[in-house]
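For reference, the structure discussed in these notes is given below.
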Amino acid sequence: MRHLIDPADFTLEETLRLMDLADRIHDDPAAYRDVALRRRLATLFYEPSTRTRLSFEAAMLNLGGQVIGFPDAGVSSAAKGETVADTIRIVSCYADIAAMRHPKEGAPARAARYSGIPVINAGDGGHSHPTQTLLDMMTIRRRKGTLDGLTIGFCGDLKFGRTVHSLIKSLARCEGMRFVLISPEELRVPDYIIEEVLGPRGIPFAEVRSLEQALPELDILYMTRVQRERFFNEEDYVRLKNSYILTAEKMALARPDMAVLHPLPRVNEISLAVDSDPRAAYFEQAHNGVFMRMALIMTLLGLKDPKTGEVAFPC
Ligand code: NCD
């Protein structure tokens with residue numbers, strides 16, 4: 001049995017196979033509507049979510065499966081002091097697979113150790129968000145036709161943004177990547193990303209302050225929200241929250257084939273006028289997320305693709 005806790009839990013080869021399956025589902029979702037009949041997904045969400053939880057649930061329902069779970073720690077036994085280790089032991093009796101979001105870094109990894117069913121990390125604190133990474137990569141590949149040789153700009157809260165950490169980790173395995181890390185000094189990527197991910201692989205990267213200066217060279221711009229809930233004080237948040245706002249005027253500096261990604265929710269870092277620009281790919285990301293999560297659930301449960309008669313890879 002395998003879990004998805006960190007993007008590196010799947011090799012690049014496995015990740016690409018999963019994306020191939022998600023693309024096949026995207027092109028013909030009706031062919032997959034009975035694949036997970038009588039299987040059950042548990043969504044265990046200890047932190048707010050719209051897209052991630054609902055797209056996991058939609059994914060399981062699209063596969064003909066069922067869903068149980070809780071959307072908030074306050075309505076689960078966590079409020080009485082139950083540990084994630086005990087909770088997952090219990091949930092293993094009720095469901096075939098679980099997706100867990102938790103404010104504490106490492107909570108889904110701990111749950112996986114005690115689990116009788118595959119556990120998917122749906123976001124743990126400021127650490128990691130591997131399923132967002134899968135759908136981000138799917139969207140980049142569908143837009144650019146490749147995952148190699150791209151210059152990718154990450155902009156905003158690179159310190160607390162778990163989607164940024166996971167995506168850099170996973171893309172660092174592709175060929176010929178360049179990263180431009182655009183943030184205020186206080187919100188730079190954590191040192192481990194540079195020391196353990198980019199440095200050892202000799203991946204070219206630059207840490208810069210100016211979005212305007214970086215824009216013309218980017219193939220992808222990955223915007224992020226300043227992560228208010230992870231700040232220690234409100235003053236710092238208020239000072240930094242408007243550091244970057246992508247406007248239609250700034251988009252004029254970018255390449256005609258650049259794609260703008262954002263994991264959402266957006267606060268005000270992308271103005272509404274950008275939504276109608278064909279380079280805006282953030283709503284497409286949310287759409288792709290359902291197909292990606294269908295592919296992931298199928299693969300972790302060992303369910304065969306009815307189109308190929310095979311699993312994406314053995315789990
Ligand atoms: C992200 C998250 O939860 O980390 N949202 C998401 O899952 N799409 C990004 C964010 O909250 O800013």
Per GNM of the chain with C-alpha springs under 10 angstrom, the most fluctuating residue out of LYS241, LYS250, LYS159 is LYS250
Accessible area per residue in Å² at 1.4 Å probe, computed on region 55-121:
44 Å²
Expressed as a whole percent, how much of the Cα-Cα distance distribution for region 1-57 exceeds 13 Å?
75 percent
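Taking the Cα centre as origin and putting +1 on Lys and Arg beta-carbons and -1 on Asp and Glu beta-carbons, what dipole magnitude results for region 130-284, to the nearest 20 debye?
Values: 21 positive and 23 negative charges, 76 e Å.
In debye, rounded to 20, region 130-284 gives about 360.
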Helix 12-27: angle to the longest alpha-carbon principal axis of the chain, degrees 0 to 90, nearest 10?
80 degrees
What is the angle, in °, between the Cα long axis of helix 51-62 and the longest principal axis of the Cα atoms in the chain? Nearest 10 is fine, range 0 to 90.
40 degrees
Rounded to the nearest 10, the angle in degrees between the Cα long axis of helix 84-94 and the longest principal axis of the Cα atoms of the chain comes to 50 degrees
Over the alpha carbons of the chain, what is the largest minus smallest coordinate on each principal axis, giving the biggest first in Å?
53, 46, 39
Using 0.36 nm times the number of residues separating ASP20 and GLU82, minus their current alpha carbon distance, what extension gain do you get?
18.4 nm
Report the semi-axes of the equivalent ellipsoid for region 130-284 in whole Å, largest first, where each axis is √(5λ) for an eigenvalue λ of the Cα gyration tensor.
21, 20, 14
Computed over region 130-284, protein heavy atoms only, probe 1.4 angstrom, the accessible area per residue in square angstrom equals 41 Å²
Helix-only mean residue ellipticity at 222 nm, the chain, DSSP H runs n ≥ 4 weighted -39,500 (n - 2.57), per residue, nearest 500. What is it?
-10000 deg cm²/dmol
If you put +1 on each Lys and Arg Cβ and -1 on each Asp and Glu Cβ, how big is the dipole of the chain around its Cα centre, in Debye rounded to 20?
680 debye
Paramagnetic reach from ALA252 in region 193-231 [backbone N under 19 Å; point 7 Å along Cα→Cβ]:
211-218
When Lys and Arg each count +1 and Asp and Glu each count -1, what net charge do the other residues less than 13 Å away from PRO204, Cβ to Cβ, add up to?
-1
Beta carbons within 10 angstrom, averaged per residue: use that to sort the peptides 184-190, 47-53, highest first.
47-53, 184-190
Ignoring any ligand, DNA or RNA, what whole percent of the accessible area of the chain comes from carbon and sulfur when the probe is 1.4 angstrom?
51 percent
Where Rh is the Kirkwood radius over the Cα pairs of region 53-144, the temperature 20 °C and the viscosity 1.002 mPa s, what D in µm²/s does Stokes-Einstein return?
151 µm²/s
Filter the cross-link list LYS80/LYS241; LYS144/LYS307; LYS104/LYS307 down to pairs whose alpha-carbon distance in this structure exceeds 32 Å.
LYS80/LYS241; LYS104/LYS307
Any idea what the dipole of region 1-121 comes to, in debye rounded to 20, about its Cα centre with Lys/Arg Cβ at +1 and Asp/Glu Cβ at -1?
440 debye
For region 255-315, take the convex hull of the Cα atoms, compute a quarter of its surface area, and give me that in nm², please.
6.1 nm²
Note: THR11 to GLU235 extended length (0.36 nm per residue) minus current alpha-carbon separation gives 76.5 nm
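The values are calculated or read from the model by the stated rules, or taken from the named source; none is laboratory data. Bear in mind the structure is a predicted one, so any value in this text is a computation, not a measurement. For neighbour counting, all protein chains shown are included, and Cβ atoms are generated from backbone atoms with ideal geometry for every residue, glycine included. Surface areas here come from the heavy atoms of the whole protein model, side chains and all, with no ligands, DNA or RNA. Shrake-Rupley method; radii C 1.70, N 1.55, O 1.52, S 1.80 Å.
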